[in-house]
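The values are calculated or read from the model by the stated rules, or taken from the named source; none is laboratory data. It should be emphasised that the depicted structure is a prediction, and the values quoted were computed from it without experimental measurement. Cβ: placed from backbone, ideal geometry, glycine included. Neighbour counts: every protein chain shown. SASA here: full protein model, heavy atoms, side chains in, ligands and nucleic acids out. Shrake-Rupley method; radii C 1.70, N 1.55, O 1.52, S 1.80 Å.
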Amino acid sequence: MNTTYVGVVSKLDNGDLSFKKVQISKEFTDVIANLKAMRDNPNRTLLDMQNEFTRNLQVKNYYYLCLPYSYSSSYLEGTKYPSLLSFDVYQKKIEELQKGLQKEDYSNNSIQRRVEEFKQHLKNNFYHQCFDYIQAYNFSKTISLIKSQNDTVMYSTENIGWTTYNYPVNNDVVISIYTNFGYGNSSYFFLGLKYKNIDILPYASIVHYYKANIKELRRHTRQYTLKRDSWNTAFDFVVNVTNLAKNKPEEFIQKWIINEVNEMMSGLKRINENTESEMLRFINNYENPIPNGFYYTVRNVSGSEKEDFAVLKNEMQIALKAEKITGALLMLDKLSELASIAPQIQDAINTIKLLNIELLPEIEKNIGFIQTDIHRLNIELEQRRKEERDIDEMLKPLQDELEKLLENKTDSERSQIRETFVTIHPEILEYRKQKGIIQEMINKLNMSLFKRQNFVSLLSECINNINTYVAA
């Protein structure tokens, strides 16, 4: 995708959409072949390659495209016309290299070899600049032709930075593509679908996966991996969903609205009534792949969470129940919009509110249990820290004595002094051993406290959601 062909969604005469792959222009492929041969020919120079390129391509454009880099790359500057060196500048670079090597007393053979390597480096670099420029040129030329066709609805892009494309496919459906290619960790590839001006969201994914970023899920219909192949997945989705909405609106509403919400509600009820079995289901599925379209918004149980379940079973179960059921509250406004075209959605809204009201006392009770556990762990932690301080007091005179003996001694003398000191005072090793054991216990206690404090924060946020969206 976008290297040999462009993905295009076009509109047929009957108003349906179709997805096709348009071959990218192959103009100047003969120039690339000639440049490659010249690059690999030791009898040809950079100047020969420059003449070949400029003789064929005089148009000096700038293409603000990701090509040939990945969408998740950083600090991309686009593709510009290859840099050219005049004969004088080329000769000067070689002469400066030769003079520098001569000053460093390199042999004539070494100088000659390094000069040839430098010439080859210039040729290689120029070839890649030309290849990238011609690739960008052909891609942009193909996009211009695609855009000029009346039946074109959408096409795959390579633009760097924030872009938003809104495509009113028909009277009922609007597709939006949001991309931010070339910005490292801030890069993204989103797709939004509106039906009758209402966002169509993946409600069922809230209960299908262990963790779901609901704030992100409510913003977009799909979030794709930062790969060019994602255009295929995205456009296939667009064509199938849009054609269904156009030709079978009742089936579309049933599948993408009612079924999605029903799946979410069934999952919420299962989690509420059989939390342990649902938690085990998530744990058993922890290695399952995440399909493209949800990659950045959901995730399975991690390996460490799977291990934690053995000792934090109750905490993880109440966290799961609270996070899922109160998280659904964040979708209430979106669900209310759906009720205008699917009145039965109002029942789901009422059920979500009721589940949250009934859950509130259970969350508050479990926060109390966890805080009691935190209090116990803090007492134990203070005891261990006191034991550590007591050992430090016993170690200090021995450590001070040893440090005095080591003053102004060489490394070999220090090693011998330490060995002799331990022989005379073997208790120092026992103190150090005890301190190491206590420090390990302190680390484990700190980790246990950290995890439980996180549970309290999570559950407190869940209470805040209930108070905000239901109690109010």
Worksheet entry | Condition broken by LEU57, with the remaining ones in (1) over 30 Å from VAL241 (Cβ atoms); (2) open to solvent by 40 Å² or more (accessible area, probe 1.4 Å) satisfied | (2)
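Quick grid of which residues meet (1) out of contact with any Gly (no Cβ under 7 Å at 6 or more places or on another chain); (2) of a type in the set (Phe, Trp, Tyr):
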residue: VAL59; (1), (2): yes, no
residue: TYR63; (1), (2): no, yes
residue: SER72; (1), (2): no, no
residue: PHE87; (1), (2): yes, yes
residue: ILE94; (1), (2): yes, no
residue: SER107; (1), (2): yes, no
residue: GLN112; (1), (2): yes, no
residue: GLU117; (1), (2): yes, no
Worksheet entry | The one condition in (1) within 23 Å of THR179 (Cβ to Cβ); (2) touching a Cys at 6+ places or on another chain (Cβ under 7 Å) that LEU35 fails to fulfil | (1)
Response to the item:
Filtering segment 404-437 for residues that are of a type in the set (Phe, Trp, Tyr) and either more than 17 Å from GLU387 (Cβ to Cβ) or not in a helix (DSSP H, G or I) (or both) leaves a count of 1
Worksheet item: Among (1) in contact with a Leu (Cβ under 8 Å, 6 or more places away or on another chain); (2) of a type outside the set (Phe, Trp, Tyr); (3) at pLDDT 95 or above, which single condition is GLN129 missing?
Response: (1)
Discussion item. Here is a check on your reading of the model: is ILE379 modelled with pLDDT of 95 or more, at negative phi, open to solvent by 70 Å² or more (accessible area, probe 1.4 Å) and assigned to a helix (DSSP H, G or I)?
Written reply: yes
Item to complete: Can you run down the residue pairs with Cβ atoms below 7 Å, 6 or more apart or on separate chains, where the first is in segment 4-15 and closer than 15 Å to LYS141 by Cα and among the aromatic types (Phe, Trp, Tyr) and the partner is modelled with pLDDT of 95 or more and open to solvent by 80 Å² or more (accessible area, probe 1.4 Å)?
Response: TYR5/LYS21; TYR5/GLN23
Discussion item. Tell me the residue from ASP390, ASP373 that is in contact (Cβ under 8 Å) with a residue 24 or more places away in the chain and either surrounded by 12 or more Cβ atoms within 10 Å (Cβ to Cβ) or more than 25 Å from LYS324 (Cβ to Cβ) (or both), please.
Written reply: ASP373
Worksheet item: Does VAL115 qualify as being among the β-branched types (Val, Ile, Thr) and at pLDDT 95 or above?
Response: no
Worksheet item: Got at least one residue in segment 85-93 being under 28 Å from TRP162 (Cβ atoms), of a type outside the set (Lys, Arg), open to solvent by 30 Å² or more (accessible area, probe 1.4 Å) and in contact with a helix residue (DSSP H, G or I) (Cβ under 8 Å, 6 or more places away or on another chain)?
Response: no
Worksheet entry | Selection from segment 342-359 of residues that are without any contact (Cβ under 8 Å) to a residue 24 or more places away in the chain and either of a type in the set (Ser, Thr, Tyr) or under 13 Å from LEU329 (Cβ atoms) (or both) | ILE349, ASN350, LEU354
Worksheet, complete the sentence: For segment 21-43, the count of residues that are assigned to a loop (DSSP other than H, G, I, E, B) and surrounded by 16 or more Cβ atoms within 10 Å (Cβ to Cβ) equals 3
Worksheet entry | segment 411-466, residues that are open to solvent by less than 70 Å² (accessible area, probe 1.4 Å) and among the hydroxyl-bearing types (Ser, Thr, Tyr) | SER415, THR420, TYR431, SER448, SER460
